[in-house]
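Below is one structure; the comments refer to it alone.
The values are calculated or read from the model by the stated rules, or taken from the named source; none is laboratory data. Since the model is a prediction, treat every value here as computed from it, not as a measurement. Cβ atoms come from the backbone with ideal geometry, glycine included; neighbour counts cover every protein chain shown. Remember, those area values only see protein heavy atoms, side chains included, never the ligands or the DNA or RNA. Shrake-Rupley method; radii C 1.70, N 1.55, O 1.52, S 1.80 Å.
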Amino acid sequence: MSKKFAMRGVFLAYDHGLEHGPTDFTDVNVSPSYIIDIAEKAEVDALILLKGAARHYYEKKVGIPLILKLNGKTALYGGEPFSTQNTSVDEAVKLGASAVGYTVYFGSKYEKYMIREFGRIEEQAHSMGLPVVMWSYPRGTSIKDDEAPEIVAYAARAAFELGADIVKLKYPNDDSKLNWVVKSADKTKVFLAGGKKLDDKNIEEHVKKAIDAGFSGIAVGRNIWQSDDPVERIRKLKETIRY
Ligand code: FBP
């Protein structure tokens, strides 16, 4: 299997150990090797890890492209959302990454720092030929509804203006605005974020509507590796997305 990074499809996210803590995990999916096994069996289009898991578990022989997430925060922190860089683009390359990822909490009191940090990362990654994925999450006391279509569209446009190749967004709470979100992102490819585990039907319905409106894929975690049959879930999602 080639490691060529596709700008569409299903990305399997597994950075929750930092973002949420092990509360999302069971005895089984607590191990990154379980996730890598799913990624390989289901041939996902990319795997999203932080540097710790990547260093211990992502080897050259893993045939799935790696997106190394460069920033993160814990759920223990209760203030205005602020996610800072914990590793570099150089380290991502050393770990075998094909792309890098970064979360910006637009609307947070600290957005200026994240925008600045993202800017540096974006320029360095692009100068080294690596695509950049932005988790574009408006959040904080000034954001009343992060699923309002105008807020999701703003998050999409902000990612385009800041040079992201791919933007990961929440599903807006008005289906009729999905295409406006895609248009707002212009050249930036739009991916759906997963969220808490829904029933199978719900997530596939969301994905279908999003793809019909021009989304390029989904970057999903819990809805896959918390399910009883992760490989089958991915197969269904892939069918909805591109086959
Ligand atoms: P899920 O599909 O499990 O929601 O994962 C996607 C993701 O963006 C992860 O990369 C990240 O850890 C998590 O969601 C962040 O979730 P939150 O909304 O709690 O910040």
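Roughly how many nanometres apart are two label points built 7 Å out from the Cα toward the Cβ at LYS73 and THR26? It is 3.1 nm. The chymotrypsin sites (Phe, Trp or Tyr not before Pro) of the stretch 1-77 meeting both criteria, a DSSP state outside H, G, I, E and B (loop) and at most 11 other C-beta atoms within 10 angstrom of the site's C-beta, are TYR77. Taken about its Cα centre, the stretch 9-241 carries a charge dipole of about 380 debye when Lys and Arg each add +1 at the Cβ and Asp and Glu each add -1 at the Cβ. Rolled with a 1.4 Å probe across the full set of protein chains, the surface gives ARG116 an accessible area near 130 Å².
Using the empirical formula 2.2 N^0.38 Å as the baseline, the Cα radius of gyration of the stretch 44-137 reaches a ratio of 1.08. Filter the GluC sites (Glu not before Pro) in the stretch 177-243 to those in DSSP coil with at most 16 other Cβ atoms within 10 Å of their Cβ, and list the result. Loop-located and lightly packed - none at all. The spacing between the stretch 202-230 and the stretch 21-37, judged by their C-alpha centroids, is 19 Å.
First select every other residue whose beta carbon is under 10 angstrom from the beta carbon of THR84; then total the charges, Lys and Arg +1, Asp and Glu -1. Charge balance near THR84 sits at 0.
For the peptides 155-164, 125-134, the ranking by mean Cβ contacts within 10 Å, running from highest to lowest, is 155-164, 125-134. Spin-label pair ASP212-ASP200: with each label point 7 Å from Cα along the Cα-Cβ axis, the two points sit 2.1 nm from one another. Surface composition of the stretch 77-132: carbon plus sulfur atoms hold 49% of the accessible area, using a 1.4 angstrom probe and ignoring ligands, DNA and RNA.
Surface composition of the stretch 136-243: carbon plus sulfur atoms hold 50% of the accessible area, using a 1.4 angstrom probe and ignoring ligands, DNA and RNA.
Were the residues from ILE115 through HIS56 laid out at 0.36 nm apart, the gain over their Cα-Cα distance would be 18.2 nm.
Built from the Cα atoms of the stretch 66-185, the convex hull projects on average onto 7.4 nm², one quarter of its surface area.
What the chain shows is 46 Å² of accessible area per residue, with the surface traced by a 1.4 Å probe over protein heavy atoms. Listed by chain and number, the aspartates and glutamates whose alpha-carbon sits under 15 Å from that of LYS208, ignoring those within fewer than 8 places in the same chain, are ASP174, ASP175, ASP199, ASP200, GLU239. Placing a label point 7 Å from the Cα of ARG8 along the Cα-to-Cβ line, no residue of the stretch 112-140 has its backbone N under 15 Å from it.
The smallest convex shape that holds all Cα atoms of the stretch 9-241, its convex hull, gives 112 Å³ per residue. DSSP bridge analysis restricted to the stretch 9-241 gives an antiparallel fraction near 5%, rounded to the nearest 5.
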